[in-house]
Structures are given as structure tokens and as C-alpha cells.
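The values are calculated or read from the model by the stated rules, or taken from the named source; none is laboratory data. The structure displayed is predicted, hence computed values, not measured ones. With ideal geometry, Cβ positions are generated from the backbone for all residues, glycine too; neighbour counts draw on all protein chains shown.
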Amino acid sequence: MSSNSVKELLEKLPEVARAYLEGRAIDEVECIVADLAGIARGKAMPGGKFARQPFFYLPNSIFFQTITGDWADEVADGFTEPDMVLTPDFSTATPAPWTADTTLQVIHDIKDQAGNPVPFAPRNVLKRVVALYNELGLDPIVAPEMEFYLVAPNTDPAREIEPPMGRSGRRAAARQAYSMSAVDEYGKVIDDIYDFAEIMGLEIDGILQEGGAGQIELNLRHGDPVKLADEMFFFKRMIREAALRHDTYATFMAKPIEGEPGSAMHIHHSVVSLKTGENIFSNPDGSETPEFMHFIGGMQRNMPAVIALLAPYVNSYRRYVPDFAAPINLEWGRDNRTTGLRVPVSEPAARRVENRLPGMDCNPYLGIAASLACGLVGLIEKTGPSDPFAGDAYQLQSGVPRGLGDALGLLRANKTIQRTLGEEFCRVYSAVKELEHNEFLQVISPWERQHLLLNV
């Protein structure tokens, strides 16, 4: 790489990337995007070529692929796989510190050859929703939580997943929520997560032990939805790599272990005025505004239509079980963790709504976009919420779809949500998920072999 190209590239990079490259040559750059599942796809190239190449191409079919690798080819008018144009968003450039070489990761913007954002690219879907808020003079703020499991290596899909072996030589035990000694059992993995996060410029607000065996919760600071979705995209990849260093798997599967709580991606929402910078959920005297109620009402009314995005796999619905720390309803309550929507204790300036329905297996771009879309529709339509629920909401009948097929039907039926997220995106997403669902229905489970083989 010429000295001029090095200088030009460094000037475009954020401080964290420049600090990492000080005294080093760029061996490789990973040019990546998130597909519908949130998997990193793209190309790796030498640093010199990346510095000289302003864009590159990928086929649009990467967004038509199921989690199993099949193709939903009916989503396009002829499955011709036209190229999309990918250009680097240099603000996202960050090291990949687990690699042997000096490697940068850069998330890319995705447009078609006419220069229009590709509507079914997840990052573009989130940008679309944020832009709709901006058009109303509003700026959405989110604070996500990430729950995941550390588990013992599992190379046989037929074998049940087990908790990891801790430093004591014993497997992690369940029901150890907030236990510091439980976190210490796999402290080496946590240490690497902290170290990698510092190198990558990712800010962690806190790490704690959740209720499941080997279950961790990682909290992020509040901020811009797109930036935080980018960070979650990076975090999921980085956490897996940190775990593998210590012969451990990290899984973001919604319900990996039978009899244990599932893993959620709780999202805290607030909305500020672009003009004043004030939280529109609070009046000057600290009281709640009508907009706060409309936001909650919009989430209650429209959440069923986006469950297919918040719970995107057949396994996701195993998380919605009463008394397993996952909501099964669309009620809202103040400081009530049994409701799907929770209003945490806070100062008026930090008044917010926590959506407890998303699973950690959802694509962070789509999960945040879907949740914000529901609130936005409420603000526009001035939707009134139900009365706040007091007591144990687990005793209520579920307002949440019980399976992926039902959830996809609700998405197809809600035209307002389709227009908000983008009709073409909803068409592509539904087709991909329908194919995944049909593939799953062809699988014969151990339960069926155990109870039906010789009994029916």
C-alpha cells in the first residue's frame, strides 16, 4: 500500500481504529453486512486493495437465504441475483482483535445499481424507521440488553446442550441470578470480552449473571439506534470468538437448554425532540405526556404483527413460557417484569418503555426497527393504551403468537406495519421465514420418536 493511500485511509477511520493500527500495517479488511439472520456476510481483502477500491459488489440473494442455506427464490421477479453496490461506512471501522493478523471490520452501506437503498437489507430497514421519526422532528433513543449462554462444546446436534465447566471443575448451576461467584466461574471468558470490547471501542455498561446455568447479561449504554445495532452485531461475533478461546461456545439461541430460562434482547425506548433535545415522554413538571401513552398504545396494538421479527425461529417461541422470566402478554405495567412492556423506575428525563418481548436470536437491526415502528405508529395514530397492569401478568392468557406460522400471518395482515418497515422487506422476510418454517416441519424430533414410535 502506498504511503498516500495509507494516509487517506487513516483519515477516514475513527480514533479506535487509528489507535489499533499505530505502528502496524493493515493485513486485511473484512467488508461486512448483516443478512436477515444477523450473520456477517461479505468479503475479506488485503488492506492495500481496500484502500484503493471505493466499493464492491455482492448479489442480492444473500438476503433470500434461510438459516439452513436454502433459497427463497420466489421473492424476486426472476431469480437472477443482480449485484448490489456496497460502500464502506468508515464510522463503523473497528479492529477484529481475535485474528492472528492485523484486521479491520467495516460495515458497508447497501444500495442498488441506481443508487437506491436496498429495501430488504436489515440495516436499511432500521435507517428507514429512524428517518420516519426524524421527519416528525423526533429522535428515537434505545438501550439494548443482551442475554446469552456460555455452554459446553457441542459437536453433535442430537446431543442436549450442557452448561459449561467452570474453574471449580463443576458445571454451572441454574438459579444463580446476580451471583458474582457464578460469573467468576468463567471469568477468563468475561476478561476477554472486556479486553476485546476495549480494543474495539465498544462500551459495556455492565455484565451480570442471569438466572440460567451459564447465562450472562450484557448491558449497553443508551444512544442512536443504528449505532447500537451495529455494536450488537459486532458484540455477537466477538463474544463467540472470546468463548472459543476457552473451549466454550457462546450461543444467542432463544432457548438452548430445556428447563432453563430463555435469552432475551430487552430494548429500552425513549424519544427526544430534535428541536429541544428534551424527552417527549415527560412534561416540564415531570409528569407523563400523552405521547408517552400513545407510544405504549402503539406498541400494544402493533406488537403482534412484529413478533415474527422479534422471535424469528421456531425455537424462539419456546422462550414464551409462564414463570420463566419471559413475558407471554402485551400488558404494560410500572416496574413490573411480568408484563411484556415495562416502565422502569426513572427520573422524568430518563422516562422510557422497556420492550421485554424480543429474543436474543433476533437480528438486532430488525428487532430494534420493529419495536420502534410499533411505537411510531402509536405516536402518529395517537393510540391509547390499556390501563397499567398490577400483579402477576403470567396468570393472563397469552397475547403472543404461539408459533412462527401464526406470527407471519399477523405480519402479513398488518398493512400499517408493512408500510412502516417497507412492503418489499416484509414480502422478502415473510418468504424466507415461511421456507424456514416448512423446512422445520419436515424434521422428526426425539420427542416424537420417544412417545409415538411404539405407542400410537
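Looking for something part of a strand (DSSP E or B) and aliphatic (A, V, I, L, M) - is there at least one such residue anywhere in the range 55-75?
Looking for residues that are part of a strand (DSSP E or B) and aliphatic (A, V, I, L, M), one finds at least one in the range 55-75, hence yes.
Which condition from (1) within 20 Å of Arg240 (Cβ to Cβ); (2) in the same structural domain as Ala17 (by TED's automatic domain parsing); (3) in contact with a Leu (Cβ under 8 Å, 6 or more places away or on another chain); (4) buried (at least 17 other Cβ atoms within 10 Å of the Cβ) is the one that Arg41 breaks?
With (1) within 20 Å of Arg240 (Cβ to Cβ); (2) in the same structural domain as Ala17 (by TED's automatic domain parsing); (3) in contact with a Leu (Cβ under 8 Å, 6 or more places away or on another chain); (4) buried (at least 17 other Cβ atoms within 10 Å of the Cβ) applied to Arg41, the lone miss is (4).
Could you check, for the range 425-444, whether at least one of its residues is crowded, with 19+ Cβ neighbours inside 10 Å, more than 26 Å from Thr68 (Cα to Cα) and either acidic (Asp, Glu) or outside the structural domain of Gly38 (by TED's automatic domain parsing) (or both)?
no
Hey, among the residues in the range 98-116 that are in a strand (DSSP E or B) and either among the β-branched types (Val, Ile, Thr) or assigned by TED's automatic domain parsing to the domain that holds Thr420 (or both), which one's farthest from the chain's Cα centre (by Cα)?
Selected residue: Thr103.
Filter the range 266-303 down to residues that are touching a helix residue (DSSP H, G or I) at 6+ places or on another chain (Cβ under 7 Å), in a loop (DSSP other than H, G, I, E, B) and surrounded by 14 or more Cβ atoms within 10 Å (Cβ to Cβ), then give me how many there are.
Number of matching residues: 2.
Assess whether Pro163 counts as being touching a Lys or Arg at 6+ places or on another chain (Cβ under 6 Å) and either among the basic types (Lys, Arg) or on the phi < 0 side of the Ramachandran plot (or both).
yes
Looking at the range 191-214, which of the residues that are surrounded by 21 or more Cβ atoms within 10 Å (Cβ to Cβ) and over 19 Å from the mean Cα position of the chain (by Cα) is nearest to Arg240 (Cα to Cα)?
Here the answer is Phe196.
Here is a list of conditions, (1) at pLDDT below 95; (2) closer than 30 Å to Asn438 by Cα, and Ala369 meets all of them except one; can you say which number that is?
(1)
Hey, could you check the range 315-357 for residues that are closer than 29 Å to Val272 by Cβ and in a helix (DSSP H, G or I) and say which is nearest to the chain's Cα centre (by Cα)?
Ala350
Check whether at least one residue in the range 308-325 is within 21 Å of Gly214 (Cα to Cα) and among the acidic types (Asp, Glu), and report yes or no.
Among the residues of the range 308-325, at least one is within 21 Å of Gly214 (Cα to Cα) and among the acidic types (Asp, Glu), which makes the answer yes.
Report the residue count in the range 151-167 for those that are within 13 Å of Gly214 (Cβ to Cβ) and either surrounded by 15 or more Cβ atoms within 10 Å (Cβ to Cβ) or of a type in the set (Ser, Thr, Tyr) (or both).
Matching residues across the range 151-167 total 8.
For the list (1) more than 22 Å from Pro312 (Cα to Cα); (2) not in a helix (DSSP H, G or I), I need the number of the one condition that Gly48 fails.
(2)
Of the residues Arg419, Arg412, only one is out of contact with any strand residue (DSSP E or B) (no Cβ under 8 Å at 6 or more places or on another chain) and either surrounded by 17 or more Cβ atoms within 10 Å (Cβ to Cβ) or under 23 Å from Asp139 (Cβ atoms) (or both); which?
Unique residue meeting the criteria: Arg419.
Report whether or not Gly259 is part of a loop (DSSP other than H, G, I, E, B) and in contact with a helix residue (DSSP H, G or I) (Cβ under 6 Å, 6 or more places away or on another chain).
Taking the combined requirement at face value, the residue does not satisfy it.
Scan the range 377-404 residue by residue and report those that are modelled with pLDDT under 95, over 20 Å from the mean Cα position of the chain (by Cα) and either hydrophobic (A, V, I, L, M, F, W, C) or part of a helix (DSSP H, G or I) (or both).
Within the range 377-404, Phe389, Ala390, Ala393, Tyr394, Gln395, Leu396 meet the criteria.
Just to be sure I understand the filter: pairs with C-beta atoms under 7 Å, separated by 6 or more residues or on different chains, first member in the range 381-408 and under 15 Å from Arg319 (Cβ atoms), second member surrounded by 14 or more Cβ atoms within 10 Å (Cβ to Cβ) and charged (D, E, K, R). Which pairs pass?
Matching pairs, first to second residue: Leu404/Lys433.
Output the qualifying pairs, or none if there are none: Cβ atoms under 9 angstrom, residues six or more apart or on different chains, first residue in the range 413-441 and within 13 Å of Ala370 (Cα to Cα) and outside any helix (DSSP H, G or I), second residue modelled with pLDDT of 95 or more and polar (S, T, N, Q).
Filtered contacts from the range 413-441: Asn414/Asn302; Gly422/Asn124.
Pick from Glu198, Glu147: which is out of contact with any His (no Cβ under 6 Å at 6 or more places or on another chain), in the same structural domain as Leu379 (by TED's automatic domain parsing), within 18 Å of Glu231 (Cβ to Cβ) and in contact (Cβ under 8 Å) with a residue 60 or more places away in the chain?
Sole residue among the options that is out of contact with any His (no Cβ under 6 Å at 6 or more places or on another chain), in the same structural domain as Leu379 (by TED's automatic domain parsing), within 18 Å of Glu231 (Cβ to Cβ) and in contact (Cβ under 8 Å) with a residue 60 or more places away in the chain: Glu147.
Please verify whether the range 372-386 includes one or more residues that are touching a Cys at 6+ places or on another chain (Cβ under 9 Å) and assigned by TED's automatic domain parsing to the domain that holds Met299.
Checked against the condition, which is being touching a Cys at 6+ places or on another chain (Cβ under 9 Å) and assigned by TED's automatic domain parsing to the domain that holds Met299, the range 372-386 yields no hits at all.
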